[in-house]
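Note sheet for the following structure.
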Amino acid sequence: EADIYQTPRYLVIGTGKKITLECSQTMGHDKMYWYQQDPGMELHLIHYSYGVNSTEKGDLSSESTVSRIRTEHFPLTLESARPSHTSQYLCASTRGGGAGEQFFGPGTRLTVL
Amino acid sequence: TQLLEQSPQFLSIQEGENLTVYCNSSSVFSSLQWYRQEPGEGPVLLVTVVTGGEVKKLKRLTFQFGDARKDSSLHITAAQPGDTGLYLCAGADSASNTGKLIFGQGTTLQVKP
(Lines give C-alpha, C1' and ligand atoms only; values in the text may rest on other atoms or scores of the structure.)
Protein backbone atom coordinates (compact mmCIF):
# COMPACT_ATOMS: atom_id res chain seq x y z
CA GLU A 1 0.00 0.00 0.00
CA ALA A 2 1.27 3.43 -1.00
CA ASP A 3 2.33 5.77 1.79
CA ILE A 4 1.26 9.11 0.40
CA TYR A 5 -1.04 11.42 2.29
CA GLN A 6 -3.08 14.48 1.45
CA THR A 7 -4.84 16.92 3.74
CA PRO A 8 -7.45 18.15 3.94
CA ARG A 9 -9.62 15.58 2.14
CA TYR A 10 -12.41 18.12 1.65
CA LEU A 11 -12.28 21.92 1.73
CA VAL A 12 -15.05 24.47 1.17
CA ILE A 13 -13.91 28.09 1.21
CA GLY A 14 -14.98 31.52 0.03
CA THR A 15 -13.58 33.43 -2.93
CA GLY A 16 -10.35 35.31 -2.28
CA LYS A 17 -9.05 33.07 0.49
CA LYS A 18 -5.50 31.75 0.49
CA ILE A 19 -5.21 27.98 0.83
CA THR A 20 -2.48 25.36 1.02
CA LEU A 21 -3.06 21.74 0.11
CA GLU A 22 -0.67 19.39 1.86
CA CYS A 23 0.98 16.30 0.36
CA SER A 24 3.48 14.04 2.08
CA GLN A 25 5.05 10.71 1.18
CA THR A 26 7.18 8.40 3.29
CA MET A 27 8.63 6.33 0.44
CA GLY A 28 11.66 8.55 -0.19
CA HIS A 29 10.57 9.21 -3.77
CA ASP A 30 12.41 12.00 -5.57
CA LYS A 31 9.73 12.81 -8.16
CA MET A 32 6.38 14.22 -7.11
CA TYR A 33 3.39 15.53 -9.07
CA TRP A 34 0.18 17.52 -8.67
CA TYR A 35 -2.80 16.77 -10.91
CA GLN A 36 -6.16 18.48 -11.30
CA GLN A 37 -9.17 16.30 -12.10
CA ASP A 38 -12.85 17.04 -12.60
CA PRO A 39 -15.21 14.20 -11.54
CA GLY A 40 -14.88 11.16 -13.79
CA MET A 41 -12.54 12.94 -16.15
CA GLU A 42 -8.88 12.67 -17.12
CA LEU A 43 -5.98 13.87 -14.99
CA HIS A 44 -4.23 17.13 -15.92
CA LEU A 45 -0.66 17.65 -14.69
CA ILE A 46 -0.25 21.10 -13.13
CA HIS A 47 3.11 20.85 -11.30
CA TYR A 48 5.96 18.42 -10.82
CA SER A 49 9.25 18.19 -8.98
CA TYR A 50 12.41 16.16 -9.60
CA GLY A 51 13.64 16.63 -6.07
CA VAL A 52 14.38 19.17 -3.36
CA ASN A 53 14.38 22.78 -4.63
CA SER A 54 13.19 21.64 -8.08
CA THR A 55 9.71 22.56 -9.35
CA GLU A 56 8.27 22.78 -12.87
CA LYS A 57 4.92 23.76 -14.32
CA GLY A 58 2.89 20.98 -15.88
CA ASP A 59 0.93 20.73 -19.08
CA LEU A 60 -2.16 22.53 -17.75
CA SER A 61 -1.71 26.16 -16.80
CA SER A 62 -2.53 26.78 -13.16
CA GLU A 63 -2.56 29.84 -10.90
CA SER A 64 -1.32 27.68 -8.03
CA THR A 65 2.30 27.49 -6.85
CA VAL A 66 4.28 24.67 -5.25
CA SER A 67 7.42 24.28 -3.18
CA ARG A 68 9.75 21.37 -2.41
CA ILE A 69 11.91 22.15 0.60
CA ARG A 70 11.96 18.57 1.87
CA THR A 71 11.90 15.33 -0.12
CA GLU A 72 8.76 14.07 1.57
CA HIS A 73 6.70 17.27 1.38
CA PHE A 74 5.17 18.92 -1.72
CA PRO A 75 2.53 21.52 -0.76
CA LEU A 76 0.38 23.41 -3.27
CA THR A 77 -0.78 26.97 -2.58
CA LEU A 78 -3.51 29.13 -4.07
CA GLU A 79 -3.01 32.79 -3.10
CA SER A 80 -6.57 33.85 -3.94
CA ALA A 81 -9.08 31.08 -4.58
CA ARG A 82 -11.83 31.51 -7.19
CA PRO A 83 -14.84 29.35 -8.12
CA SER A 84 -12.96 28.24 -11.26
CA HIS A 85 -10.45 26.50 -8.93
CA THR A 86 -13.16 24.10 -7.76
CA SER A 87 -11.86 20.62 -8.56
CA GLN A 88 -10.18 17.51 -7.16
CA TYR A 89 -6.44 17.86 -6.61
CA LEU A 90 -4.35 14.68 -6.61
CA CYS A 91 -0.76 14.33 -5.47
CA ALA A 92 1.47 11.49 -6.69
CA SER A 93 5.06 10.31 -6.42
CA THR A 94 7.37 7.89 -8.16
CA ARG A 95 10.82 6.48 -7.49
CA GLY A 96 13.65 7.16 -9.92
CA GLY A 97 14.04 4.59 -12.68
CA GLY A 98 11.61 1.69 -12.88
CA ALA A 99 8.66 1.52 -15.23
CA GLY A 100 7.20 4.82 -14.10
CA GLU A 101 4.43 3.68 -11.79
CA GLN A 102 3.01 6.57 -9.83
CA PHE A 103 1.51 6.26 -6.38
CA PHE A 104 -1.41 8.56 -5.65
CA GLY A 105 -2.75 10.16 -2.53
CA PRO A 106 -6.51 10.12 -1.83
CA GLY A 107 -6.96 13.65 -3.17
CA THR A 108 -8.35 16.93 -1.87
CA ARG A 109 -11.81 17.91 -3.04
CA LEU A 110 -11.81 21.74 -3.19
CA THR A 111 -14.98 23.80 -3.51
CA VAL A 112 -14.69 27.58 -3.81
CA LEU A 113 -17.94 29.45 -3.27
CA THR B 1 2.79 15.72 -28.37
CA GLN B 2 2.05 12.23 -27.14
CA LEU B 3 -1.62 11.36 -26.76
CA LEU B 4 -3.47 8.32 -25.48
CA GLU B 5 -6.98 7.75 -26.80
CA GLN B 6 -9.13 5.60 -24.56
CA SER B 7 -12.38 3.97 -25.63
CA PRO B 8 -15.15 3.67 -24.83
CA GLN B 9 -15.52 6.66 -22.50
CA PHE B 10 -18.59 5.21 -20.78
CA LEU B 11 -19.73 1.64 -20.39
CA SER B 12 -22.79 0.35 -18.53
CA ILE B 13 -23.24 -3.42 -18.44
CA GLN B 14 -24.98 -6.14 -16.47
CA GLU B 15 -23.20 -8.32 -13.96
CA GLY B 16 -21.64 -11.36 -15.64
CA GLU B 17 -20.95 -9.71 -19.00
CA ASN B 18 -17.49 -9.38 -20.52
CA LEU B 19 -15.96 -6.10 -21.69
CA THR B 20 -12.84 -4.67 -23.27
CA VAL B 21 -11.36 -1.19 -22.88
CA TYR B 22 -8.87 0.10 -25.43
CA CYS B 23 -5.99 2.54 -25.14
CA ASN B 24 -4.41 3.68 -28.41
CA SER B 25 -1.63 6.02 -29.48
CA SER B 26 0.55 6.84 -32.44
CA SER B 27 3.52 7.11 -30.06
CA VAL B 28 5.71 4.41 -28.59
CA PHE B 29 5.81 4.11 -24.81
CA SER B 30 8.49 2.46 -22.70
CA SER B 31 5.78 1.11 -20.42
CA LEU B 32 2.07 1.44 -19.87
CA GLN B 33 0.08 1.34 -16.66
CA TRP B 34 -3.58 0.74 -15.92
CA TYR B 35 -5.18 2.39 -12.91
CA ARG B 36 -8.60 2.09 -11.32
CA GLN B 37 -10.14 5.01 -9.47
CA GLU B 38 -13.20 5.05 -7.23
CA PRO B 39 -15.18 8.28 -6.63
CA GLY B 40 -13.46 10.56 -4.13
CA GLU B 41 -10.23 8.54 -4.11
CA GLY B 42 -6.92 8.61 -5.96
CA PRO B 43 -6.11 6.16 -8.77
CA VAL B 44 -4.73 2.79 -7.70
CA LEU B 45 -2.25 0.96 -9.90
CA LEU B 46 -3.57 -2.33 -11.34
CA VAL B 47 -0.73 -3.41 -13.60
CA THR B 48 2.32 -2.28 -15.55
CA VAL B 49 3.20 -3.74 -18.96
CA VAL B 50 6.65 -3.22 -20.37
CA THR B 51 7.35 -5.67 -23.19
CA GLY B 52 5.66 -5.51 -26.60
CA GLY B 53 3.11 -8.30 -26.90
CA GLU B 54 3.07 -8.86 -23.14
CA VAL B 55 -0.10 -10.29 -21.56
CA LYS B 56 -0.73 -10.06 -17.82
CA LYS B 57 -3.63 -11.54 -15.88
CA LEU B 58 -4.99 -10.31 -12.59
CA LYS B 59 -7.86 -12.63 -11.59
CA ARG B 60 -10.66 -11.75 -14.05
CA LEU B 61 -8.69 -8.90 -15.65
CA THR B 62 -6.42 -9.47 -18.66
CA PHE B 63 -4.06 -6.74 -19.85
CA GLN B 64 -2.27 -6.73 -23.17
CA PHE B 65 0.47 -4.46 -24.53
CA GLY B 66 0.63 -4.13 -28.30
CA ASP B 67 3.60 -5.56 -30.19
CA ALA B 68 4.73 -2.06 -31.18
CA ARG B 69 4.16 -0.69 -27.64
CA LYS B 70 1.68 1.90 -28.94
CA ASP B 71 -1.55 0.43 -27.63
CA SER B 72 -3.02 -1.65 -24.85
CA SER B 73 -6.27 -3.30 -23.85
CA LEU B 74 -7.97 -4.31 -20.65
CA HIS B 75 -10.44 -7.21 -20.77
CA ILE B 76 -12.71 -8.03 -17.85
CA THR B 77 -14.41 -11.42 -17.75
CA ALA B 78 -17.71 -11.86 -15.91
CA ALA B 79 -17.84 -8.31 -14.59
CA GLN B 80 -19.07 -7.74 -11.04
CA PRO B 81 -20.54 -4.63 -9.38
CA GLY B 82 -17.26 -4.26 -7.48
CA ASP B 83 -15.52 -3.59 -10.80
CA THR B 84 -17.41 -0.30 -11.12
CA GLY B 85 -15.07 2.68 -11.37
CA LEU B 86 -12.96 4.87 -13.62
CA TYR B 87 -10.25 2.99 -15.51
CA LEU B 88 -7.26 5.01 -16.68
CA CYS B 89 -4.39 4.00 -18.92
CA ALA B 90 -1.12 5.91 -18.69
CA GLY B 91 2.03 5.73 -20.78
CA ALA B 92 5.58 6.46 -19.67
CA ASP B 93 7.56 8.69 -22.02
CA SER B 94 10.58 6.69 -23.07
CA ALA B 95 12.48 9.78 -24.21
CA SER B 96 12.19 11.67 -20.95
CA ASN B 97 13.63 11.24 -17.48
CA THR B 98 10.92 13.32 -15.85
CA GLY B 99 8.84 10.33 -14.80
CA LYS B 100 5.81 12.10 -16.28
CA LEU B 101 2.92 9.94 -17.43
CA ILE B 102 0.58 10.59 -20.33
CA PHE B 103 -2.97 9.72 -19.20
CA GLY B 104 -5.88 8.65 -21.34
CA GLN B 105 -9.29 10.29 -20.88
CA GLY B 106 -10.53 7.39 -18.79
CA THR B 107 -13.35 4.84 -19.13
CA THR B 108 -16.20 5.01 -16.63
CA LEU B 109 -17.50 1.51 -16.04
CA GLN B 110 -20.79 0.78 -14.33
CA VAL B 111 -21.67 -2.84 -13.59
CA LYS B 112 -25.30 -3.28 -12.61
CA PRO B 113 -26.34 -6.21 -10.39
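The values are calculated or read from the model by the stated rules, or taken from the named source; none is laboratory data. Quick caveat, the model's predicted, so the values are computed rather than measured. In this analysis, Cβ positions are derived from the backbone assuming ideal geometry, glycine residues included, and neighbour counts consider all displayed protein chains. The area values use the complete protein model at the heavy-atom level, side chains included, leaving out ligands, DNA and RNA. Shrake-Rupley method; radii C 1.70, N 1.55, O 1.52, S 1.80 Å.
Restricting attention to the range B:53-83, the residues being within 14 Å of another protein chain (Cβ to nearest Cβ), more than 13 Å from the chain's Cα centre (by Cα) and surrounded by fewer than 18 Cβ atoms within 10 Å (Cβ to Cβ) number 0.
Quick grid of which residues meet (1) over 19 Å from B:VAL44 (Cα atoms); (2) open to solvent by less than 30 Å² (accessible area, probe 1.4 Å); (3) touching a Pro at 6+ places or on another chain (Cβ under 9 Å):
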{"residue": "A:ARG9", "(1), (2), (3)": "no, no, yes"}
{"residue": "A:VAL12", "(1), (2), (3)": "yes, no, no"}
{"residue": "A:ASP30", "(1), (2), (3)": "yes, no, no"}
{"residue": "A:TRP34", "(1), (2), (3)": "no, yes, no"}
{"residue": "A:GLU56", "(1), (2), (3)": "yes, no, no"}
{"residue": "A:GLU63", "(1), (2), (3)": "yes, no, no"}
{"residue": "A:PHE74", "(1), (2), (3)": "yes, yes, no"}
{"residue": "A:ARG82", "(1), (2), (3)": "yes, no, no"}
{"residue": "A:GLN102", "(1), (2), (3)": "no, yes, yes"}
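Scanning the range A:49-95 for residues that are within 14 Å of chain B (Cβ to nearest Cβ) and closer than 30 Å to B:PRO8 by Cβ yields A:GLY58, A:ASP59, A:LEU60, A:SER87, A:GLN88, A:TYR89, A:LEU90, A:CYS91, A:ALA92, A:THR94. Scanning the range B:16-67 for residues that are within 27 Å of B:LYS112 (Cβ to Cβ) and acidic (Asp, Glu) yields a count of 3. One residue stands out in the range A:45-54 among those that are of a type in the set (Gly, Ala, Ser) and surrounded by fewer than 16 Cβ atoms within 10 Å (Cβ to Cβ): the one that is nearest to B:ALA90 (Cα to Cα), namely A:GLY51.
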